[in-house]
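Asker: One structure coming up, written as structure tokens, with questions to follow.
Values in this text are rule-based calculations from the coordinates and carry no lab data. Just so you know, these numbers come straight off a predicted model, no measurement behind them. Using ideal geometry, Cβ is built from the backbone for each residue, glycine included, and neighbour counts are taken over all protein chains shown.
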Amino acid sequence: MKIAILGTRGVPNYYGGFEQFAEFFSVYLVEKGHEVYCYNSHDHPYQEKTFHGVHIIHQYDPEYKYGTFGQFIYDYNCIMDSRKRDFDIILQLGYTSNSIWHFLLPKKSIIITNMDGLEWKRTKYSKPVQQFLKFAEKLAVNSSDFLVSDSLGIQKFLKEKYKKESTYIAYGAYPFSTPNEAILKEYNVEKEKYNMIMARFEPENNLDMVLEGVAMNEDKTPILVIGKHQTKYGEYLKNKFKDHANILFMGGIYNLEHLNNLRYYSNLYFHGHSVGGTNPSLLEAMASRALVIAHNNDFNRGILKENSYYFSNPNEVKNILNTIKKNDNLRLVQNNFEAIVNEFNWEKINGEYLQLFQECYSKSDKRKPKE
């Protein structure tokens with residue numbers, strides 16, 4: 001099959017979850033004998049024309065000039081280019097800025113869209129933007145031939161809201177197996193004598209809720225708050241909790257070895273995300289054998305099931321801090337690690353996507369020759 005991947009800033013990954021998946025999956029497809037094209041921003045750090053056999057198509061991306069609006073122009077450029085290449089399948093990763101161009105998608109290509117999370121629920125967006133995102137979601141659902149949900153919660157939502165079936169395929173992670181306690185010295189913490197939370201500084205990730213629970217607690221175990229905090233919301237949180245010396249704003253940490261070790265040696269790992277599908281950082285925490293304490297919602301429960309403690313307010317966070325220790329819950333830790341090995345490993349995820357592509361290709365009339 002001749003396959004294109006749209007909707008990311010490109011491969012190899014220099015940005016985020018969809019880019020990481022696009023990198024792994026595109027190379028996997030090439031290894032399985034398929035002809036694969038991935039669209040990259042014109043200013044992507046990788047400027048070669050191929051990446052491990054994947055054809056790279058650079059398109060002009062003015063996001064550096066216009067911010068978010070530039071993504072609409074970039075997606076337009078990618079879709080217009082795709083019209084002249086006769087792809088069997090176009091995989092769209094997300095819909096936020098490409099769905100408005102749905103009428104320009106090539107008619108003979110099979111369009112498969114990963115519906116991402118419920119973007120319109122993110123409180124960082126104004127009401128008009130949230131309304132637009134709802135509209136974009138509807139366009140993507142109705143203009144795609146097949147849909148992918150990366151969480152059971154998203155699958156349920158699409159079925160209830162739009163009466164549309166989607167194929168559930170989660171995200172992936174690599175099991176962490178090389179702990180190095182010496183790395184903790186760089187962060188002035190000791191094994192299982194600190195907690196942590198890692199997230200973008202956005203209200204729906206519930207950093208405020210977790211830190212309020214920490215502030216209410218008499219125990220002064222340090223909590224590492226990892227994420228870029230030089231934002232309006234970050235400044236608000238730093239000011240709110242400035243008198244609590246055990247709340248340590250660490251900034252962004254992008255060294256994966258360090259992150260994996262911090263997760264591995266932590267006592268409690270709080271995961272506050274409440275919007276979206278399968279969150280990559282949650283799977284990485286499971287893969288790093290962290291004891292996950294998660295916000296109580298369908299997305300998190302769909303991944304963690306009974307292998308986590310859940311919270312819905314600061315009081316519950318406080319109670320968990322007072323009563324739960326990692327050493328007493330190693331079975332939960334092991335269950336989550338085994339879930340990564342057996343359910344969320346990249347080889348399985350890639351295989352499920354390829355199987356879906358093959359089924360869609362055989363079902364669709366678009367690629368069948370006219371009689």
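Asker: Starting from the Cα of Lys49, draw a straight line to each of the aspartates and glutamates and keep only those under 15 Å, dropping any in the same chain fewer than 8 residues away.
Answerer: Answer for Lys49, where 15 Å is the Cα cut-off: Glu23, Glu35, listed by chain and number.
Asker: Starting from the Cα of Lys191, draw a straight line to each of the lysines and keep only those under 26 Å, dropping any in the same chain fewer than 8 residues away.
Answerer: Cα-Cα hits under 26 Å: Lys220, Lys228, Lys238, Lys242, Lys318, Lys325, Lys326.
Asker: Using only the Cα atoms, work out Rg/Rh for the stretch 256-371, with Rh taken as the Kirkwood radius, to two decimals.
Answerer: Here Rg/Rh amounts to 1.16.
Asker: Moving on to the next point. To the nearest 20 debye, what is the magnitude of the charge dipole of the chain about its Cα centre, counting +1 on the Cβ of each Lys and Arg and -1 on the Cβ of each Asp and Glu?
Answerer: Around 840 debye, computed over the chain.
Asker: So, one more: Modelling each spin label as a point 7 Å along the Cα-to-Cβ direction, I'd like the Thr178/Lys138 distance in nm, to one decimal.
Answerer: Spacing of the two 7 Å Cα→Cβ label points: 5.0 nm.
Asker: Counting just the Cα atoms, what span does the chain cover along each of its three principal axes? Round to the nearest Å and put the largest first.
Answerer: So the three principal-axis extents are 75, 42, 41 Å.
Asker: What percent of all Cα-Cα pairs in the stretch 131-202 falls in each 10 Å bin, counting up from 0?
Answerer: Percent of Cα pairs in each bin: 14, 28, 21, 17, 18, 2.
Asker: Still on this structure: For a label point 7 angstrom out from the Cα of Gln355 toward its Cβ, which stretches of the stretch 1-43 have the backbone nitrogen within less than 18 Å?
Answerer: The answer is 25, 28-29, 32, whose backbone nitrogens lie closer than 18 Å to the label point.
Asker: Still on this model: Between Tyr15 and Glu257, what's the calculated FRET efficiency when r is the beta-carbon distance and R0 is 22 Å? Round to 0.05.
Answerer: After rounding to 0.05, the efficiency reads 0.70.
Asker: Here's another thing I want to ask about it. Among Asn13, Tyr264, Met115, which residue has its Cα furthest toward the positive end of the charge dipole of the chain, with +1 on Lys/Arg Cβ and -1 on Asp/Glu Cβ?
Answerer: Among Asn13, Tyr264, Met115, the one farthest towards the positive end of the dipole of the chain is Met115.
Asker: Per DSSP H run of at least 4 residues, take -39500 (n - 2.57); add these up for the chain, divide by its residues and hand me the 222 nm value, nearest 500 deg cm²/dmol.
Answerer: So the helix-based figure for the chain works out to -12000 deg cm²/dmol.
Asker: Next up: For the stretch 250-339, what does the relative contact order come out to in percent, with C-alpha contacts under 8 Å and a separation of six or more?
Answerer: 29 percent
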